[in-house]
Amino acid sequence: MAKTIGIVTSGGDAPGMNAAIRAVTRVGHSMGFQVIGFERGWDGLLTNTFKKLIPRSVGGIIQLGGTMLHTLRCPAFEQAGGVETGAETLRLNNVDALVVIGGDGSFRGALELGKKTDALMVGIPATIDNDVYGSDETIGFDTAVNTAVGIIDKIRDTAISHERIFIVEVMGRKRGFLALEVGMCVGAEVILVPENPLELAEIVNIMDDNSKKGKRAGIIVAAEGFGDSSKLAQEMQRQTESEVRLSILGYAQRGGSPTARSRLLASLFAERAVELVCEGKGSMAVGLQKGAITSIELEKAAKNKKPLDLRLLKVAEMLSI
Ligand code: ADP
């Protein structure tokens, strides 16, 4: 009987998850596996809800954002008996390996589940937050960066016309990867990330200096994890001569057609994940390191904190004089 690979997409959705589902399914079939996709994240393992995936059922999805398997955050999976139920579902369906497509939270779920089952666990990092240790980039990050840059370029037009300061809040949860890269790409005057706390007075100083230099419009890119953007906008309005507006980009950053780069990364990660399964190597996470597709222990990927390159903030500062 053919061996079975299960797929689950979990946590926040990211553009390119569908490309990863497609690639795991097709590479898996090419290698002689059956593939099933659990629906709605870990909940699919709690309720034994899945669909059979064949090469034809994953046609026409490479260009679609979101995930055809749906996803959710599933607190019940973390509670007593959660991972045991998940392990029982894998046993019931003779699942030999589970490919988990998600962020570090989903990887922690996979790590706990792996302790209760013989099925191999392989993680594929997918989140727009780009905050998974062991991979320079996650599936969906490039798409989210490009989406945010496209919108902020439009905001820049109106900022210049009205000579206003715009604070633009981008996603990223508790981390500043998205804000940093977006900020660099839109030529932000200030980039605010949780990893580099800045006082209000410092931000006001930068914008006042800019105004004296004749730079009367400005874009401040703030990570959602930096703090309360609306309070920041109010305070900036009070303490500077300029008009200040706030734009929260929100969920638009999570959706949309994945960029070529997100699709490619999804396809290559998936291929490596199936290769690991073929080699019988579980408790691993695939990743991109210095341009190469690699893999590290799942535990490391799930538990370590990925560092943000703060040197880039200095570069951004020089680029915005
Ligand atoms: P992401 O994968 O995007 O980081 P979350 O942090 O919300 O998303 O994690 C996704 C899901 O993973 C959680 O809703 C929960 O079901 C599961 N999970 C996270 N940590 C654990 C854990 N320690 N044990 C079991 N399941 C967990």
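The values are calculated or read from the model by the stated rules, or taken from the named source; none is laboratory data. These figures come from a predicted structure and were not determined experimentally. All Cβ positions, even for glycine, are placed from backbone atoms using ideal geometry, and neighbour counts span all protein chains on display.
For Ala260, only one of the following conditions fails: (1) farther than 30 Å from Gly227 by Cβ; (2) touching a helix residue (DSSP H, G or I) at 6+ places or on another chain (Cβ under 9 Å); (3) surrounded by 17 or more Cβ atoms within 10 Å (Cβ to Cβ). What is its number?
(3)
Given Ser267, Ser229, Ser257, Ser283, which one is within 23 Å of Ser161 (Cβ to Cβ) and hydroxyl-bearing (Ser, Thr, Tyr)?
Ser229
Take Gly250 and tell me if it is at pLDDT 95 or above and either assigned by TED's automatic domain parsing to the domain that holds Thr147 or within 30 Å of Gly103 (Cα to Cα) (or both).
Working: at pLDDT 95 or above: yes; either assigned by TED's automatic domain parsing to the domain that holds Thr147 or within 30 Å of Gly103 (Cα to Cα) (or both): yes.
In short, yes.
Show the residue pairs that are 6+ apart or on different chains and have beta-carbon atoms under 9 Å apart, the first residue being within the range 100-127 and among the polar types (S, T, N, Q), the second being more than 6 Å from the ligand (Cβ to nearest atom) and assigned to a strand (DSSP E or B).
Final answer for the pair search is Ser106/Val8; Ser106/Thr9; Ser106/Val100; Ser106/Gly123; Ser106/Ala126; Thr117/Val95; Thr117/Leu98; Thr127/Ile139.
For the range 59-81, which positions are surrounded by fewer than 20 Cβ atoms within 10 Å (Cβ to Cβ), near the ligand (Cβ under 7 Å from one of its atoms) and not in a loop (DSSP other than H, G, I, E, B)?
Pro75, Glu78
Answer yes or no: is there a residue in the range 109-117 that is more than 16 Å from Thr67 (Cβ to Cβ), within 11 Å of the ligand (Cβ to nearest atom) and not in a helix (DSSP H, G or I).
For the range 109-117, residues more than 16 Å from Thr67 (Cβ to Cβ), within 11 Å of the ligand (Cβ to nearest atom) and not in a helix (DSSP H, G or I): present.
Of these, Arg40, Arg22, Arg56, which one is more than 10 Å from the ligand (Cβ to nearest atom), crowded, with 23+ Cβ neighbours inside 10 Å and not β-branched (Val, Ile, Thr)?
The unique qualifying residue is Arg22.
I'd like to check something: does the range 88-97 contain any residue that is within 9 Å of the ligand (Cβ to nearest atom) and either surrounded by 21 or more Cβ atoms within 10 Å (Cβ to Cβ) or touching a residue at least 24 places away in the same chain (Cβ under 8 Å) (or both)?
no
If I filter the range 1-18 down to residues being of a type in the set (A, V, I, L, M, F, W, C) and at pLDDT 95 or above, which single residue comes out as nearest to the chain's Cα centre (by Cα)?
Going residue by residue through the range 1-18, those that are of a type in the set (A, V, I, L, M, F, W, C) are 1-2, 5, 7-8, 14, 17.
Those left that are additionally at pLDDT 95 or above: 5, 7-8, 14, 17.
On the way: Ile5: 23, Ile7: 18, Val8: 16, Ala14: 6, Met17: 10 Å.
Here the residue is Ala14.
Among residues belonging to the range 230-277 that are charged (D, E, K, R) and in contact with a strand residue (DSSP E or B) (Cβ under 7 Å, 6 or more places away or on another chain), point out the one that is farthest from Ala144 (Cα to Cα).
The qualifying residue farthest from Ala144 (Cα to Cα) is Glu243.
Within the range 181-195, is there a residue that is in contact with a strand residue (DSSP E or B) (Cβ under 9 Å, 6 or more places away or on another chain), in a loop (DSSP other than H, G, I, E, B) and of a type in the set (Val, Ile, Thr)?
Yes; the residues of the range 181-195 include at least one that is in contact with a strand residue (DSSP E or B) (Cβ under 9 Å, 6 or more places away or on another chain), in a loop (DSSP other than H, G, I, E, B) and of a type in the set (Val, Ile, Thr).
Tell me, please, whether a residue that is over 21 Å from Gly280 (Cα atoms) and in contact with a strand residue (DSSP E or B) (Cβ under 8 Å, 6 or more places away or on another chain) can be found in the range 71-86.
The answer is yes; a qualifying residue exists.
Against the condition within 23 Å of Gly250 (Cβ to Cβ) and either within 15 Å of the ligand (Cβ to nearest atom) or of a type outside the set (Lys, Arg) (or both), how does Thr158 come out, does it pass?
yes
If you check Val182, Val168, Val145, which single one turns out to be crowded, with 23+ Cβ neighbours inside 10 Å, within 30 Å of Ala260 (Cβ to Cβ), touching a residue at least 60 places away in the same chain (Cβ under 8 Å) and among the aliphatic types (A, V, I, L, M)?
Details: Val182 fails: touching a residue at least 60 places away in the same chain (Cβ under 8 Å); Val145 fails: touching a residue at least 60 places away in the same chain (Cβ under 8 Å).
Testing whether each residue is crowded, with 23+ Cβ neighbours inside 10 Å, within 30 Å of Ala260 (Cβ to Cβ), touching a residue at least 60 places away in the same chain (Cβ under 8 Å) and among the aliphatic types (A, V, I, L, M) leaves just Val168.
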